[in-house]
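This report concerns only the one structure given below.
Only the coordinates and a few stated rules stand behind these numbers; no lab work does. From a predicted model like this one, the values you see are computed outputs, not experimental measurements. In this analysis, Cβ positions are derived from the backbone assuming ideal geometry, glycine residues included, and neighbour counts consider all displayed protein chains.
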């Protein structure tokens with residue numbers, strides 16, 4: 001009996017550290033697969049008439065942002081100049097967010113919405129990060145939203161169109177809304 005209690009206490013703490021509490025008020029990344037969309041998922045936009053969702057996955061040992069396409073049963077990421085499909089991913093849930101217009105630029109440039117060392121100024125401090133300095137951006141291309149990675153030093157949104165990589169200077173950055 002004592003061993004069972006010790007085991008439960010040890011693993012209760014371990015599981016609590018690994019899995020977010022459902023009563024957690026902030027944003028969480030929820031593990032998912034095969035096109036499943038969880039309640040409270042954050043919309044990434046519309047792609048060819050379908051609502052897509054903010055997701056992330058691991059590609060070549062790097063965590064990268066992507067868009068969950070439920071009809072395709074996968075998360076699509078743009079990396080290394082190619083499009084990659086993953087059936088195992090994490091979906092951003094339980095977050096109050098906004099898409100803020102951004103423009104790539106140097107740290108010394110003036111003007112609101114200019115990305116530099118601060119990644120869109122004050123908005124950059126609230127930017128959604130998939131890991132470290134990798135931010136979530138999106139580009140509107142021919143009526144569809146393409147989700148891509150935004151990272152230093154140039155703070156451009158990287159996507160792939162027709163099999164070719166592009167780095168957009170003008171894009172939208174996903175930021176957490178102010179909690180007041």
At R0 = 25 Å, FRET efficiency that the Cβ-Cβ distance of residue 167 and residue 36 yields, to 0.05: 0.20
Label point distance in nm, residue 125-residue 50, each placed 7 Å from Cα along Cα→Cβ: 3.9 nm
Per-peptide average of other Cβ atoms within 10 Å, ordering 38-50, 131-143 highest first: 131-143, 38-50
Calculated FRET efficiency for the pair residue 87/residue 142, C-beta based, R₀ 25 Å, to 0.05: 0.40
